[in-house]
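Novice: Quick one: this structure, given as structure tokens, is what I'll be asking you about.
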Amino acid sequence: MKKLVLLFVLCLLLAGCNPRSRQPSENFVPSGRPSSNTESQRPGEMAGAITPSGEEERPLGGGTVKEVFFQEGDYTYKGTEYHYSYSIPMVDLPSDYAMGCNQEIELRFGNPIRESLSEMERFEPLVVQTVKYTEDVFGSVLTVRVYETDVDGGESQGIYSLNAVTGEEPTYQEFLAAAGLQESRIPELLTDAVTVRYRELVGNRFRETDPRYTAALSQSLGALADPSLLYRHLTEDGKLAIYVTVYDPAGGSDLQEFILP
């Protein structure tokens, strides 16, 4: 019976993940998907949200993104004083996709905050030092970025892209329009960028005439046949960032970010 319960919980967690939304690198967490219990939630309600410490919601960007939790203070552990500051956003748009993003923000950043506060209450070492966020809108694309910094210097970042009006996942065409790019130019821009990056990454280890070099480069360029299938987001200055898997001639691969001009 216990195994069945664990399996059910695992299925619920997996239901909240878009296959494209797996973490592409150590410091990147893409947009979330709604889990199976979103139907019971009201638009703008976070699943298992942290209870605000007497702070009123502070609407930003016309109220689309709200700060639903804020707490900061000082904490001393074994003679060392730390200043901590925690701020959690919520996208207040009436869509399952927006609620899925809110749930992922809560899971990825809210839970560590909750644990960090509990550790301070138990007079244990502080782990999470800051959590903050920014938002911007280019065209119809709203981007919310959440940043976490740990006491030991570790950092992580979550990037969430939504249609600024509907709260749905932006289409490929919406990203292109927001970045001011023509769809016909994307394959060429990506091919040039991936070729240059590939040469920088492996050129000092393999000659360009080496069959292993050309084979791995061809494999890396193979995913560019349909750029609309690749994960993407907008940078803070409104440029389009696309992620491509780059293969190494010696084996293995790495997901690389390419910011198009």
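Novice: Residues in region 205-219: is at least one surrounded by fewer than 12 Cβ atoms within 10 Å (Cβ to Cβ) and either part of a helix (DSSP H, G or I) or assigned by TED's automatic domain parsing to the domain that holds Phe138 (or both)?
Specialist: Yes: one or more hits.
Novice: Moving to a separate point now. Yes or no: region 226-236 includes at least one residue that is modelled with pLDDT of 95 or more and more than 24 Å from the chain's Cα centre (by Cα).
Specialist: no
Novice: Identify, please: which residue in region 97-118 is farther than 14 Å from Phe69 by Cα and surrounded by fewer than 16 Cβ atoms within 10 Å (Cβ to Cβ) and is, among those, farthest from the chain's Cα centre (by Cα)?
Specialist: Restricting to residues being farther than 14 Å from Phe69 by Cα and surrounded by fewer than 16 Cβ atoms within 10 Å (Cβ to Cβ), the top hit is Ser118.
Novice: Out of the residues in region 146-196 that are part of a strand (DSSP E or B) and of a type in the set (A, V, I, L, M, F, W, C), which is surrounded by the most Cβ atoms within 10 Å (Cβ to Cβ)?
Specialist: Leu162
Novice: Within region 113-145, can you find the residues that are in contact with a strand residue (DSSP E or B) (Cβ under 8 Å, 6 or more places away or on another chain), in contact (Cβ under 8 Å) with a residue 60 or more places away in the chain and of a type in the set (D, E, K, R)?
Specialist: Glu135, Asp136, Arg145
The values are calculated or read from the model by the stated rules, or taken from the named source; none is laboratory data. Predicted model, so just to flag it, every value in this text is computed and none were measured. Reconstructed Cβ throughout: ideal geometry from the backbone, glycine too, with neighbour counts over all protein chains shown.
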